Structure formats: structure tokens, C-alpha cells
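A quick write-up on the structure given underneath.
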Amino acid sequence: MRRIPRPLRRAADALLWALLPGHCLMCDQASERRADLCDACSDALPWIDRACVRCALPSDASYCADCQRRPPPFERAIAPLEYADATIAMVHRLKFGGSRIDARVLGTLLAARVRTAYADAPLPDVIVPVPLGRARLLRRGHNQAALLARWVGAALAVPIDYVSCARIRHTTPQAGLSRAARLHNLAGAFEVVGSFAERRVGIVDDVMTTGSTVAAVARALRVAGAASIDVWCAARTVPASHSDVRARGIDHRDC
């Protein structure tokens, strides 16, 4: 397909969607939207509409108090969905089952939010998916961050670097660990080969919980010379203290 001229690819793509319309993966009804979600199910997702620019937690301020006191090692974080309700099911199918359709849906929603956020700013030069360790990759047979990055990169026309960042140290699963334990668990876990000097990088992952994983990757990229680092995740774990912060103003039907 890559050898076919882009206008022909677009025409073929439009024809396929006309002949084979999508189906909502949540209610299994016909969907005219390329995200394979009907309007009703899309509206019912746990959207994060206004968030801190640095950590992506729901916030009425551009920068939350925690990020003002202790900024993370990246400039911006974007996560369109709260890790709750239907989002959990989609992420689990992606992470543990390698679901390509969930990767497409989550990637499409994430790319739409990124496109809106960067309306007046240049996109990063390259996307780096958070890598899995060798043993975990062999056991699962896929890297959920890489599957997600594929759709985000294609939608935004940003190249993806799958090889320069590697997880060089085995770590125990992060689930259930405190923030301090997560930081200790990931110390020295990632290595970047080659130079990222003067490059703007977008890190892609499925879920951002405390931010310790993407922060560890960001530090490794910073050592490699990255000029700026942003984080894009499909979902964000929201503590109870933030869950009542909801903002208005984004039309999710554009996603």
C-alpha cells in the first residue's frame, strides 16, 4: 500500500468505509465514525475535558499546584480519557489481548485530542512508544504502546522510532506499588541508543498512573539530548481528589 500514491490510497480508504461502515465496539451497532464508536457510546466515555498541561490530571487551572511545586521531566502530557468504566475494558483488551481494533479506537481518540492541543504549535518530530522488557514482550507477543503509537503516528503524520529506546532492566509490574516504589522500581530501567539532539519527542503509552514510567523514559531521552518531551497516553488514572473536576468546551464528536 505504501507504493500506491497517497490520493489513490485516500480514495480507496473512503470507498472501503462507504462499503463497509464501522461497528461500535461497545454496543455493536453500526457506526459511521472511523473510531468505530457510535455517538452515544463516545459521549458516554469518561472524558477528561480540562486538565493540567504538565500531568494531564483534571484541573481548572492550566498548571496544577503539584506540577508548579515539582514539575515532571516533560513539558506536556495529554490523556483524553479517564482510566475508568469502558476505558478499562478497552485498555485491557489492548494490553493483554493485543486488540488491534481497540488500538485503533484509542489511537484515533488520542490523535484527535493531540491535534486539538497542538492547533497553534508544531507537533513533535518523532514518537517513541514506551518499550516493554524482552521477557514481557515475548510472553505477550506485542507491545500495547507500540500498537497505539502506530495509529497515532499515522493520523498525525509523525514518524515512530520503535528501536532507539529500550527497557534494559527487568522490573516488577507497577500495579499496586506506591509512587515512591514505582520510582525506585524504574530507576535505570530505560536506555536510549543514539542522539536525539534538538529533536522534539512525543512519548506514547496506554495508561498514565503516577507518571513514573513516562518520567523514566523522559529522563533517558533527555540524556540523549531531546530538546522537548511531551507525553501522550490514551487514559489517565484519576485520584478521587481530582475526579470531581470536569470542564466544558470540547466537542467529543470531533474526535
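The values are calculated or read from the model by the stated rules, or taken from the named source; none is laboratory data. Being a predicted model, the structure only gives us computed values, none of them experimental. Glycine gets a Cβ as well: all are built from the backbone with ideal geometry, and neighbour counts include every protein chain shown. Please note that ligands, DNA and RNA were not included when accessible areas were found on the heavy atoms of the full protein model with its side chains. Shrake-Rupley method; radii C 1.70, N 1.55, O 1.52, S 1.80 Å.
Can you confirm whether residue 93 is under 13 Å from the mean Cα position of the chain (by Cα) and not aliphatic (A, V, I, L, M)? Give the derivation first.
Details: under 13 Å from the mean Cα position of the chain (by Cα): no; not aliphatic (A, V, I, L, M): yes.
In short, no.
Is there a residue being touching a Gly at 6+ places or on another chain (Cβ under 8 Å), part of a helix (DSSP H, G or I) and not small (Gly, Ala, Ser) anywhere in region 126-142? Write out each step before concluding.
Just the residues of region 126-142 that are touching a Gly at 6+ places or on another chain (Cβ under 8 Å), to begin with: 126-128, 140-142.
Pick out the ones that are also part of a helix (DSSP H, G or I) and you get 140.
So of that shortlist, the ones also not small (Gly, Ala, Ser) come out as 140.
Checked region 126-142: at least one residue is touching a Gly at 6+ places or on another chain (Cβ under 8 Å), part of a helix (DSSP H, G or I) and not small (Gly, Ala, Ser).
Is one or more of the residues making up region 27-45 crowded, with 19+ Cβ neighbours inside 10 Å and modelled with pLDDT of 95 or more?
Taking every residue of region 27-45 in turn, at least one turns out to be crowded, with 19+ Cβ neighbours inside 10 Å and modelled with pLDDT of 95 or more.
How many residues does region 98-128 hold that are under 12 Å from the mean Cα position of the chain (by Cα) and open to solvent by less than 20 Å² (accessible area, probe 1.4 Å)? It would help to see each step written out before you state the result.
Filtering region 98-128 for residues under 12 Å from the mean Cα position of the chain (by Cα) gives 103-114, 127-128.
Going one step further and asking which of them are open to solvent by less than 20 Å² (accessible area, probe 1.4 Å), we end up with 103, 105-107, 109-112, 114, 127-128.
Residues that pass the stated criteria total 11.
Do you know which residues across region 63-113 are touching a strand residue (DSSP E or B) at 6+ places or on another chain (Cβ under 9 Å) and polar (S, T, N, Q)?
87
For region 216-255, name all the residues that are at pLDDT 95 or above, within 21 Å of residue 59 (Cβ to Cβ) and either open to solvent by less than 10 Å² (accessible area, probe 1.4 Å) or under 12 Å from the mean Cα position of the chain (by Cα) (or both).
Across region 216-255, the qualifying residues are 218, 229, 230, 231, 232, 233, 234, 235, 236.
Yes/no matrix, rows are residues, columns are (1) open to solvent by less than 40 Å² (accessible area, probe 1.4 Å); (2) among the β-branched types (Val, Ile, Thr); (3) at pLDDT 95 or above; (4) within 21 Å of residue 235 (Cα to Cα):
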site: 145; (1), (2), (3), (4): yes, no, yes, yes
site: 169; (1), (2), (3), (4): no, no, no, no
site: 174; (1), (2), (3), (4): yes, no, no, yes
site: 188; (1), (2), (3), (4): no, no, no, no
site: 210; (1), (2), (3), (4): no, yes, no, yes
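Applying the selection to region 55-105, what residues are farther than 15 Å from residue 231 by Cβ and in contact with a helix residue (DSSP H, G or I) (Cβ under 6 Å, 6 or more places away or on another chain)?
Passing the criteria: 90, 93, 94, 95, 99, 102, 103, 104.
Do any residues in region 66-78 that are on the phi > 0 side of the Ramachandran plot have Cβ atoms under 7 Å from those of residues that are open to solvent by less than 70 Å² (accessible area, probe 1.4 Å) and aliphatic (A, V, I, L, M), where the two are at least six apart or on different chains, and which pairs are they?
So the pair list comes out empty.
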